[in-house]
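The values are calculated or read from the model by the stated rules, or taken from the named source; none is laboratory data. Predicted, not measured: the structure shown is a model, and the values here were computed from it. All Cβ positions, glycine included, derive from the backbone under ideal geometry; neighbour counts span all protein chains shown. Quick note on the areas: whole protein, heavy atoms, side chains included, nothing else; ligands and nucleic acids left out. Shrake-Rupley method; radii C 1.70, N 1.55, O 1.52, S 1.80 Å.
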2 protein chains.
Amino acid sequence: MGIADRKERDKEELRERILVAAKSLFLQKGVEKTSIRNIADQIEYSPGIIYHYFRDKNEIFHALHQGGFIQLMEKMQVLGVVRNPMERLKAMGSIYITFALENPDMYDLMFIKEAPIDHVSSSEHDNWKEGGGTFNYLRTTIDDCIKAGHFLGHDAEALSYMIWSTVHGMVSLNIRKRCEVVLPHRQETIVVDGLEEFYKILDKL
Amino acid sequence: MGIADRKERDKEELRERILVAAKSLFLQKGVEKTSIRNIADQIEYSPGIIYHYFRDKNEIFHALHQGGFIQLMEKMQVLGVVRNPMERLKAMGSIYITFALENPDMYDLMFIKEAPIDHVSSSEHDNWKEGGGTFNYLRTTIDDCIKAGHFLGHDAEALSYMIWSTVHGMVSLNIRKRCEVVLPHRQETIVVDGLEEFYKILDKL
DNA sequence: AGGAATATTAAACACTGTTTAATTATTTTT
DNA sequence: AAAAATAATTAAACAGTGTTTAATATTCCT
């Protein structure tokens, strides 16, 4: 049955080649400016072949955005050494915005674009498990903070959402170029400055 | 010179008709699914005519998104009666998310989409004055809060950005369907619940 | 070697935003 | 009132898009 296996591997390999081509194009041109024909050109196949490996363009970028979550989760690994849950929460924020600012296009795909998420809602497994993993990580950290006596009188679930929203809001406004409203000489650093303000608040809770 | 005036008015009227058609289509189909030909069909003109009134599709939706800011600013008017600056700040947040949840497509256009903002950065007046107005309103309120003894040790500019980001983050994650990660039975109300948590925090500052 | 199954492609469909030159319609001048 | 000039409008084309279909190569198995 080695032949069938090799065929399986070949199929998998072409799928992977499509993904690699799609990613490189998307990182240098953006999702909407990357066409099926562009990807086909890159891998030197005809455009039609792509539809034998992916249902549509959405599915390709959904597959790609999964890679982003693995990347982000890997960066989060170092948090294991931070014992104090409140410090761990702060470090998480730092890693999150660093990832977003260093990989704006990938972040955009993961948390802002409608494209890959539309594929999730229109498929059988209708929960967004990639995002669920990272959110649960945050949620657990907040639970730890509460156990350590912080966030008295707060609702853990809603608080987690609010905290996530704060960092997401700062980076997404930046990525989607809505920072021109702040003082010109501060635009460069407004996201990290904003995070700093958030830290000051956390220190009081 | 009445003839020239009437011609001027006629031109202005057609421009307005394009805008009305574009808005109605965009609110029921979204920006990217609204084509120039769709708009032309609606006003019963040929597609080409639109380019005598707008440079490109971006300019149309930039013009539209200005209307959204006027709408939002109008809702903010009632804040004048709230004397306590901290209460005013909270009420602002409430108005902001209400506007976003009631007009998700318009909010998307104003604060999330890249389309209309690209027009801003590629034109002569390169600051985003619509957004600037609303941000300054927030900024002034925060200044008032500081004068009233709140937010000790904070940087007003960065704090304003952070607070804006918190509400923006909550609504934009919701609009772009990233809320599936929270507990199912809470998804419906997570944005207002998150805002509630934010209020609790503000009460301590 | 020949038939079945699979992989791949060429071609078409119905769109998109935008530009061009040609055509109406209107105004101004003779 | 007729002719010339100006402005408004359009038809047609261009180069692209995502996706589907039917036809063609290629590989596999008996």
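Of all residues in the range A:47-58, those satisfying the criterion of being within 8 Å of DNA strand D (Cβ to nearest atom) and either touching an Asp or Glu at 6+ places or on another chain (Cβ under 7 Å) or open to solvent by 20 Å² or more (accessible area, probe 1.4 Å) (or both) are A:PRO47, A:GLY48, A:TYR51, A:ARG55, A:ASP56, A:LYS57, A:ASN58. You will find that of B:ALA40, B:ALA22, the residue that is free of Cβ contacts under 8 Å to residues at least 12 places away in the same chain and over 30 Å from B:SER160 (Cα atoms) is B:ALA40 and no other.
Results for (1) away from DNA strand C (no atom under 13 Å from the Cβ); (2) surrounded by 13 or more Cβ atoms within 10 Å (Cβ to Cβ), shown as yes or no for each residue.
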| site | (1), (2) |
| --- | --- |
| B:TYR45 | no, yes |
| B:HIS65 | yes, yes |
| B:ILE70 | yes, no |
| B:LEU79 | yes, yes |
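If we keep just the residues of the range B:31-76 that are of a type in the set (A, V, I, L, M, F, W, C) and outside any helix (DSSP H, G or I), which is nearest to the chain's Cα centre (by Cα)? For the range B:31-76, the residue satisfying everything is B:VAL31. The number of residues in the range A:156-193 that are within 17 Å of A:ILE142 (Cα to Cα), more than 7 Å from chain B (Cβ to nearest Cβ) and surrounded by fewer than 22 Cβ atoms within 10 Å (Cβ to Cβ) comes to 1. Can you name the residue in the range A:81-91 that is of a type outside the set (Asp, Glu) and in a helix (DSSP H, G or I) and is also surrounded by the most Cβ atoms within 10 Å (Cβ to Cβ) among such residues? Here the answer is A:LEU89.
Condition check for A:ALA148 on (1) of a type in the set (Gly, Ala, Ser); (2) closer than 23 Å to B:PHE198 by Cβ; (3) within 8 Å of another protein chain (Cβ to nearest Cβ): one failure, at (3). Tell me yes or no: at least one residue of the range B:4-26 is open to solvent by less than 90 Å² (accessible area, probe 1.4 Å), at pLDDT 95 or above and not in a helix (DSSP H, G or I). No, the conditions are met nowhere in the range B:4-26.
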